[in-house]
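Here's the structure, in structure tokens; my notes come after.
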Amino acid sequence: MFLIKQIASSSRSSLLKPLATSNLLRRSFSSESETLSIETSIPFIGHRIDPPSRTVETTPNELMDFFKTMVLMRRMEIAADSLYKAKLIRGFCHLYDGQEAVAIGMEAAITKKDAIITAYRDHCIFLGRGGTLVQAFAELMGRKDGCSKGKGGSMHFYKKDSGFFGGHGIVGAQVPLGCGIAFSQKYSKDGCVTFTMYGDGAANQGQLFEALNMSALLDLPVILVCENNHYGMGTAEWRAAKSPAYYKRGDYVPGLKVDGMDALAVKQACKFAKEYVLKNGPIILEMDTYRYHGHSMSDPGSTYRTRDEISGVRQERDPIERIRKLLLAHELSTEKDLKDIEKSARKEVDEAIAKAKESPMPDPSELFTNVYVKGYGVESFGADRKELRAVLP
Ligand SMILES: Cc1ncc(C[n+]2csc(CCOP(=O)(O)OP(=O)(O)O)c2C)c(N)n1
Ligand SMILES: [Mg+2]
């Protein structure tokens, strides 16, 4: 077993906490064992709760898997950017690059029987739940083989068979829905939990506090995951929130502040949270993270923050680079193997796009499905209200 310490510097701005570099890592003892213990770069901070240990158990396989999945996610988002610019993706599109460690750290701590619900920045959450690249790109391009049959688009990815309940466009609205899912889990005593995700902007929404109050009263197994990327569209957190300490905003509900750029810290926090909520009711996890792209495709992302800030976070805290450095420092992989993984991710993404493009647009009759409960014989008229156009199935 190795003990690896990532040393944090206290002299940086809050956004720029340093990435572990190989010369900052210490191997205290070694053996043939496949288990690694890695200490998170910064401690968790608890609100009304004792935080979990900073020492995270992992394996070389898990670290490799983190690297591969995050590289694939990032490539997917960069390709989506190009497809949007080529007008093959239309409408809304919000990218997740920068925030990948939250998606994969969370998945590493839970099962597909646990539920996840999120806002519109949902592509990578879908991939983490086992969705395929073809389903993702087909959905983005409005094709029939998309995960929502091409009818949802970027903001409405779903994968109910592995506990992914979307994909929601109304800021904050998924939080009460997530608490409702947790209610059904408690009611059916299935031992599962719900992760209901929202942004720092959404954290100021009233419905969040109503849902939290109910969840606390009923001791629901729900984890509120605040992905604090420090901006809500072009508004910095300090302009929108009187207290940007989102992990404390539940007042009577405990919270934990987590380095959301460190997949291992996210895993540790989510594991801890799952155990906690099954016994005690809700908890808030504030994931300190960052988005590299603008808010959506109409936002260049550089008018309300400096280029130095963006490149500083990339250099100092990037979640993929963090894992790359760990893999290299401990000779669990080589520079070349990791480059090859990146190359094959490009290929995989390109092939998925080509396949998604072959998928046809949905049949126009699909416009009338999944809108009303079936079998009510709802009639649809033309604009003149005279000509009966269809009886909905
Ligand atoms: C109720 C509601 N108000 C406003 C909007 C417009 N809107 C879309 S995203 C957004 C910002 C949300 O920021 P945050 O919660 O931090 O999430 P992030 O985009 O950073 O992931 C706003 C105001 C909306 N979709 N719904
Ligand atoms: Mg935000």
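The values are calculated or read from the model by the stated rules, or taken from the named source; none is laboratory data. Just so you know, these numbers come straight off a predicted model, no measurement behind them. Virtual Cβ from ideal backbone geometry, glycine too; neighbours counted across all protein chains shown. Just the protein is used for accessible areas: all its heavy atoms, side chains included, with ligands, DNA and RNA removed. Shrake-Rupley method; radii C 1.70, N 1.55, O 1.52, S 1.80 Å.
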Selection count where residues are in contact with a Lys or Arg (Cβ under 6 Å, 6 or more places away or on another chain) and in contact (Cβ under 8 Å) with a residue 40 or more places away in the chain, scope region 127-150: 2
Which of the residues belonging to region 271-313 are surrounded by fewer than 19 Cβ atoms within 10 Å (Cβ to Cβ), in contact (Cβ under 8 Å) with a residue 40 or more places away in the chain and closer than 21 Å to R75 by Cα? S296, D299, G312
Exactly one of (1) more than 16 Å from ligand 1 (Cβ to nearest atom); (2) of a type outside the set (S, T, Y); (3) surrounded by fewer than 20 Cβ atoms within 10 Å (Cβ to Cβ); (4) assigned to a loop (DSSP other than H, G, I, E, B) is unmet by M214. Its number? (4)
Only helices (runs of 4 or more DSSP H) wholly contained in region 256-369 count here; list those with 2 or more residues that are under 23 Å from C147 (Cβ atoms) and either at pLDDT 95 or above or within 16 Å of ligand 1 (Cβ to nearest atom) (or both). 335-358
Matching residues in region 116-145 - criterion: being among the small types (G, A, S), in contact with a Gly (Cβ under 9 Å, 6 or more places away or on another chain), open to solvent by 10 Å² or more (accessible area, probe 1.4 Å) and over 14 Å from H168 (Cβ atoms): G142
Region 166-201 - residue that is buried (at least 21 other Cβ atoms within 10 Å of the Cβ) and among the aliphatic types (A, V, I, L, M) and, of those, farthest from ligand 1 (Cβ to nearest atom): V193
Of the conditions (1) buried (at least 19 other Cβ atoms within 10 Å of the Cβ); (2) part of a loop (DSSP other than H, G, I, E, B), the single one that K151 does not satisfy is (1)
Only one of I116, I125 is over 13 Å from E77 (Cα atoms) and either in the same structural domain as D97 (by TED's automatic domain parsing) or assigned to a loop (DSSP other than H, G, I, E, B) (or both). Can you tell me which? I116
